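Accompanying notes for the structure given below.
The values are calculated or read from the model by the stated rules, or taken from the named source; none is laboratory data. The structure presented is a predicted model; accordingly, all values stated were derived computationally and were not measured. Counting neighbours? That spans all protein chains shown, and the Cβs are built from the backbone with ideal geometry, glycine included.
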Amino acid sequence: MNRIHKQLRRRHHMKRGMAFVALAVLLCMGMAAATASAAVDWKQSQGTEIRFLMNKHPFTTYIEPKVADFEKLTGIKVVIEAFPEDQYRNKRTIELNAGGKVDGYMIMPGQDDLHYWKAGWLQPLDEYIADPKLTDPAWNPKDFFASFAKASSVEGKQIGIVINAETSLLAYRKDLFTKFKQKVPTTMKELEQVAKFFHGKEVDGKKLVGITLRGKGAAATSQWVDFLYTFGGSWTNAQGQSNFSSPENIAAFKFYGDLLRFYGPQGATMLHWAESTSMFMEGKAAMIYDANVFKALYENPKESKVAGKVGYAVIPAGPGGKKLPHVSNWSLSISKTSTPERQKAAWLFVQWATNKENCLGALLAGVPAGRASAWSSKEYKAGDKQPDWTAATMKSFEIGQGQWNPPVINVPEIRDITGQVIVDAIDGKDVVASAKKAAELMDKKMER
């Protein structure tokens, strides 16, 4: 389990992080000829060299061996430099700040887009996408889930193309739900009732907890945000100030805290994703709400005691009937500090990497794609062992909200402030007072 947790920890640096696809399996690159259309001269930037900085992510691992096909198709030399996530983030910021020769890079928009946009490091892609001499009609931007297109935009400008897509789902022990004749919760009220029903039940000689969730301060915010939106709340109000003191936000804090305090594990305020998923995998929890990519953990029979016993569902509806999970992603972006000629070549690479064939290939290789056509393909469906996971994931992609972090430049500080209210809610403290204090702190620290 430690091995898998290590692999996932690299990409789930504080969240979780939503990227999504751009690769190829089926890429004999006879595909290269098929991808090239009469409208686009793929040799128009021949002789140009471009440099991309990348996170050591499953997408990067998959696409790197295919780059030679792109180089053959275009005559463009692509230099990819990949680093572990924390090192990558630091290097990317340092190089862009210094005006280094960076033509493109991976970005997690929900974490860094506003900062990078304000710094002048993100090149808008809209003109490239709209130019028939630069973009093949077969690339079809409408095939991407709208939630991820929106998530990869700032102030109405497209600043990235999704290469890895994520959301969060309710995972539950379908064997226990069948045994005890419990229905999968579709509302928050039902979620609380089912958590209460299972909490303390003895199964296979051990007492269950009703549900496990992240409770460790800032780490919990990436899951709590789905409850925030579903309860009708928001990070900020119409005036751009903290909305933490609103009735909807307070209801979300209280509900999340009560779930863990009354029906969750002991020491819930110490639960990060690794601890929470471990508890579910060990058969100690009836339900968990966390990133959909953790299916890889739950369904691994060598590491998980619940493999083959898990069902998946979209977040239950809030008091107003709303279901609004978050979506998160990694995207490929182009540096605004690059030259026009290298930017054009970088766009050809981004377009190629995110075409339909590569997105399907990535999905077949286990990298969740942001293109609807990949998920609905016969190739994917033929090997789909958890169709309920697929259905719930696609539904979340369709309805999801891309703003999973506070809409500010100093994201970590505001997440820390938010996380303290979550901890106070779990501990049974005065949530109204805690939220009011957090709102005042957030307003002081927000930079726009």
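Hey, any hits in region 260-268 for a residue that's of a type in the set (Gly, Ala, Ser), farther than 18 Å from Lys305 by Cβ and assigned to a helix (DSSP H, G or I)?
Checked against the condition, which is being of a type in the set (Gly, Ala, Ser), farther than 18 Å from Lys305 by Cβ and assigned to a helix (DSSP H, G or I), region 260-268 yields at least one hit.
Assess whether Ala425 counts as being part of a helix (DSSP H, G or I), under 26 Å from Leu170 (Cβ atoms) and not assigned by TED's automatic domain parsing to the domain that holds Ser246.
Considered against the rule, which asks whether it is part of a helix (DSSP H, G or I), under 26 Å from Leu170 (Cβ atoms) and not assigned by TED's automatic domain parsing to the domain that holds Ser246, Ala425 comes out as no.
Sort out for me the helices (runs of 4 or more DSSP H) sitting completely within region 328-390 that have 1 or more residues that are in contact with a strand residue (DSSP E or B) (Cβ under 8 Å, 6 or more places away or on another chain) and closer than 18 Å to Thr61 by Cβ.
Qualifying helices (runs of 4 or more DSSP H): 340-353, 356-364.
Considering only helices (runs of 4 or more DSSP H) fully contained in region 1-118, which possess at least 2 residues that are closer than 27 Å to Glu303 by Cα and either modelled with pLDDT under 95 or in the same structural domain as Asp290 (by TED's automatic domain parsing) (or both)?
Counting at least 2 such residues, we get 2-11, 58-63, 85-98.
Is it the case that Ile426 is of a type in the set (A, V, I, L, M), touching a Phe, Trp or Tyr at 6+ places or on another chain (Cβ under 6 Å) and within 30 Å of Leu297 (Cα to Cα)?
No, not satisfied.
Considering Gly205, Gly215, Gly210, Gly232, which residue is of a type in the set (Gly, Ala, Ser) and more than 28 Å from the chain's Cα centre (by Cα)?
Every option except Gly205 fails the conditions.
Residue check: is Lys302 in contact with a helix residue (DSSP H, G or I) (Cβ under 8 Å, 6 or more places away or on another chain), outside the structural domain of Gly110 (by TED's automatic domain parsing) and surrounded by fewer than 19 Cβ atoms within 10 Å (Cβ to Cβ)?
So Lys302 fails the test.
What number of residues within region 202-221 satisfy the criterion of being touching a helix residue (DSSP H, G or I) at 6+ places or on another chain (Cβ under 8 Å) and either on the phi > 0 side of the Ramachandran plot or modelled with pLDDT under 95 (or both)?
2
Can you find, within region 249-267, the residue that is nearest to Gly419 (Cα to Cα) among those that are of a type in the set (A, V, I, L, M, F, W, C) and surrounded by 24 or more Cβ atoms within 10 Å (Cβ to Cβ)?
Phe253
Looking at (1) surrounded by 14 or more Cβ atoms within 10 Å (Cβ to Cβ); (2) in a loop (DSSP other than H, G, I, E, B); (3) not charged (D, E, K, R), which is the one condition that is false for Gln193?
Checking Gln193 against (1) surrounded by 14 or more Cβ atoms within 10 Å (Cβ to Cβ); (2) in a loop (DSSP other than H, G, I, E, B); (3) not charged (D, E, K, R), the one that fails is (2).
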